1. Using the heavy atoms of the protein chains alone and a 1.4 angstrom probe, what is the accessible area of the chain per residue in square angstrom?
2. Give the relative contact order (percent, whole number) for the chain; include only Cα pairs under 8 Å separated by 6+ residues.
3. So which trypsin sites (Lys or Arg not before Pro) in segment 50-119 end up in coil per DSSP with only 12 or fewer other C-beta atoms within 10 Å?
4. Top to bottom by accessible area (1.4 Å), largest first, where do Glu241, Glu309, Glu265, Glu280 land?
5. Can you return the aspartates and glutamates within cross-link range of Lys53? Criterion is Cα-Cα under 13 Å, with same-chain partners fewer than 8 residues away left out.
6. As a test of the definition: which semi-axes, in Å, follow for segment 35-141 when you take the square root of five times each eigenvalue of its alpha carbon gyration tensor? Largest first, please.
7. Highest GNM mean-square fluctuation, the chain, Cα pairs closer than 10 Å: which of Pro105, Pro126, Pro234?
8. Could you please report the charge total around Ile73, scoring K, R as +1 and D, E as -1 over all other residues with beta-carbon less than 12 angstrom from its beta-carbon?
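The values are calculated or read from the model by the stated rules, or taken from the named source; none is laboratory data. All figures in this text were calculated on a predicted structure; none of them were measured in a lab. Please note: Cβ atoms are built from the backbone with ideal geometry, for glycine as well, and neighbour counts cover all protein chains shown. Quick note on the areas: whole protein, heavy atoms, side chains included, nothing else; ligands and nucleic acids left out. Shrake-Rupley method; radii C 1.70, N 1.55, O 1.52, S 1.80 Å.
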Amino acid sequence: MHAILVRFALALAASAITTAAFGQTYPTRPITLIVPYAAGGSVDAVARIVAPKLTERLGQSVVIENVAGAGGIVGTQRAARAAPDGYTLLFSVESTMAIAKLVQPSTVHYDSQKDFQPISLIGTSPLVLAGRKDLPASTTDELLKLLRANPGKFSYATSGTGTSLHVAGEMINIEGRVSIVHVPYRVGAQMVTDLVGNQIDLAMLPLVMALPNYRGGNIKVFGTTEPTRSPVAPDLPSLTEHPDLRNVNVTVWFGLFAPAKADPEIVERLHQAVAACLQEADVRAKLAETGLRIVGNSPAEFAAFLAQEIEKFSVIVKAANIKAE
């Protein structure tokens, strides 16, 4: 019996040493970073700022693989099925990781909390409620009065049903006690074109997409969808500054994930690499250009944040009866 216990203890010790060594030697070959959206989009752009710096920090190539389809679902499901060895990672956003399962339960075959290990939240950015230049309202208060006097007569554009932009619009409808009609677009850039051309009344836009035309005087911006003003555009008010919209809170975010059951040593190694990258001046400058507020939190903090996001979005999706199927 004593000999068995000794052997068992030695086996445990060897296992611990192997695990620690594995974490320290990782990576020994290139890493695939799945971006579940097409090349050239906003998610891909942020991933391409981070990936080369991770390559430098980890000493192995971090190669982006764009796996587009079904609004990010196809690539995310591929990442969920990948081996949890640290050599396939996922770069994803709130629409895919916190909203998709709520609005497309029969289409989405992954659970972002059970099938993935959060590594770090790269950064966040608000959406903005923008309006056509000749809309007869210039402040949030004037807009709410206009919308309440004309229920169902004004419309707002988003990049699609069930996206974070759509959820933000419905949050404004519920909190502001208004009725703006949702118009989903297939191509995000077309929303801006139609807004500038006075073809649509309002739009929920990513901050970086709205700023050039706002600065150029081509559109109006009523406010951002985060509780505090964005450091990228501190002149823009937060919608929460209006008492009737104080609960509006929709954040666009970008984060790094590994498949569930990834070795904790590897997860920590990746987190440390991300944190170091986000301290570099050129990375911070490039991410600021995309409208991002840099975060770089820990795996545990990111997991808690993800849980809060899912809970928040589930309330709005149920209240507004949002379905994308």
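1. Working: 14260 Å² over 325 residues.
Accessible area per residue: 44 Å².
2. Values: 620 pairs, mean separation 83.8, N = 325.
The normalised contact order for the chain reaches 26 percent.
3. Working: sites: Lys53, Arg57, Arg78, Arg81, Lys101, Lys114; in loops: Lys114.
In loop regions of segment 50-119 (DSSP not H, G, I, E or B), the sparsely surrounded trypsin sites (Lys or Arg not before Pro) are Lys114.
4. Glu241, Glu265, Glu280, Glu309
5. Glu280, Asp282
6. On the way: eigenvalues 182, 77, 30 Å².
They are 30, 20, 12 Å, listed from largest to smallest.
7. Among Pro105, Pro126, Pro234, the largest GNM mean-square fluctuation belongs to Pro234.
8. +1
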